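Below you'll find the structure, written out as C-alpha cells, and then a few comments.
The values are calculated or read from the model by the stated rules, or taken from the named source; none is laboratory data. All figures in this text were calculated on a predicted structure; none of them were measured in a lab. Reconstructed Cβ throughout: ideal geometry from the backbone, glycine too, with neighbour counts over all protein chains shown. Surface accessibility is based on the protein's heavy atoms, side chains included, excluding ligands, DNA and RNA. Shrake-Rupley method; radii C 1.70, N 1.55, O 1.52, S 1.80 Å.
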Amino acid sequence: DTLRMNFVDQQIFSDEKVYDVSIKLSSTATPSVTKTVIVPVTAKKGVPITSDFFENQSWIITNINEQLKPKKIDRDVYESDLLQIKKIEILKAPPKVNEHIPATIDSLVNLTDLHLANQKLVGKLPTTISNLAKLTNLSIYGNTFESEIPSSLGNLIQIQTIRLDSNNLKGTIPVSLSLLPNLKEISLKQNKLSGNLPDFPMNMDMIALENNQITYNLASVPTFLTSARTKTYDN
C-alpha cells in the first residue's frame, strides 16, 4: 500500500507564526480508509536572492553558488543563507571583465575575508564595504576603479590587513585608516593617490606606499615608516 497526503484546504502562509495545518491521510489500495491529522507548521519570512540583488555580477554570484551548492541564486537561496558566507577569495583570471563590486556586498554580514586579485573590476569601491563589521582582511588589487578610498573604511574596527594596490585609486589617504585600532598591514602601492600622509601607529608590520604622489610635512622619513617590519615607500 502507499500512503497519500493532501491538504484538506488551501493554506496560505502570510505571517511568521505556527500554523495548524489539516492533512488528510488516505490509503491508495483502499481509498475509503482515511484519517485527518493536524500538523504544526512554522512559517518564517524569507527574501529570495536573485541575480539582480547582486547587480548581475557573475564573480560574486558564482562564488556564492559554489559555497552554498546545491542551492543556487535565482532558485533556492534566501537572505538567511548568505549568513554562511564568511570568506570570498578569487585569485584566478576572471571569466568576465569590466564587472564591479555591488553595493549589496554588505549583505554578507559574516564576511571576514574579501580577497579579489586582478579581477579587472571597474566602477567604485562601494562605501557599503564599511558595513562589514567582521571584516579582518580586505585585499582588492589589480583593478581599474574610478574612485577614492572611502573614508568610511575607518569603521572597520576589526580590520587587520588593507591591501588596495594597483587599483587606479585617486584622492587622499583617509585619516580614518590611521586610526583603525587593529590595523597591522596596509598596502596602497601603484595608485594615483596624493595629498598628505596620515600618521599611522608605531606598531605597524607593513606599510607600502610607493608609486603615488603622497607628501609628508617633515624633512626626514616618518618614524612610523622606519619602524615597520616591512616598508616600501619609494617614488
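Structure notes:
- Accessible surface of segment 83-162, 1.4 Å probe, proportion on carbon and sulfur as whole %: 51 percent
- A 1.4 Å probe run over the chain, with the rest of the protein chains in place, finds 56 Å² accessible per residue.
- Within the shell defined by Cβ-Cβ distances under 15 Å, the residues around Pro48 carry a net charge of 0, with Lys and Arg each +1 and Asp and Glu each -1.
- Dipole size of segment 102-186 about its Cα centre, with +1 on Lys/Arg Cβ and -1 on Asp/Glu Cβ: approximately 20 debye, rounded to the nearest 20.
- Relative contact order for the chain, counting Cα pairs under 8 Å that sit 6 or more residues apart, in percent: 10 percent
- Relative to the longest principal axis of the Cα atoms of the chain, the long axis of helix 58-68 lies at roughly 50 degrees.
- With the charge dipole of the chain set up from +1 on Lys and Arg Cβ and -1 on Asp and Glu Cβ about the Cα centre, the Cα lying farthest toward the positive end among the listed residues Pro150, Ile162, Gln213 is that of Ile162.
- Legend: residues Tyr141, Tyr78, sorted from most to least accessible area (1.4 Å probe; ligands, DNA and RNA excluded), read Tyr78, Tyr141.
- Sparse packing (at most 15 other Cβ atoms within 10 Å of the Cβ) combined with a DSSP loop state is found for the following chymotrypsin sites (Phe, Trp or Tyr not before Pro) in segment 1-49: Phe13.
- Charge dipole of the chain (Cα centre as origin; +1 on each Lys and Arg Cβ, -1 on each Asp and Glu Cβ, all else neutral): 360 debye, rounded to the nearest 20.
- Ligands, DNA and RNA aside, Val221 has an accessible area near 70 Å² when probed at 1.4 Å.
- In this structure, the amide hydrogen of Arg163, modeled 1.01 Å from its nitrogen in the peptide plane, lies closer than 5 angstrom to those of Leu138, Ser139, Ile140, Ser187, counting only residues at least 5 positions away or on a different chain.
- Accessible area of Met206 in the full protein assembly, 1.4 Å probe (Å², nearest 10): 50 Å²
- Whole-angstrom gap from segment 175-193 to segment 82-101, using each part's C-alpha centre: 22 Å
- Label of the coordinate-derived value, semi-axes √(5λ) of the Cα gyration tensor in Å, listed as [x] 30, 20, 20; [y] 24, 20, 18; [z] 53, 18, 14: [z]
- Local net charge near Gly195, Cβ-Cβ under 15 Å (Lys/Arg +1, Asp/Glu -1): 0
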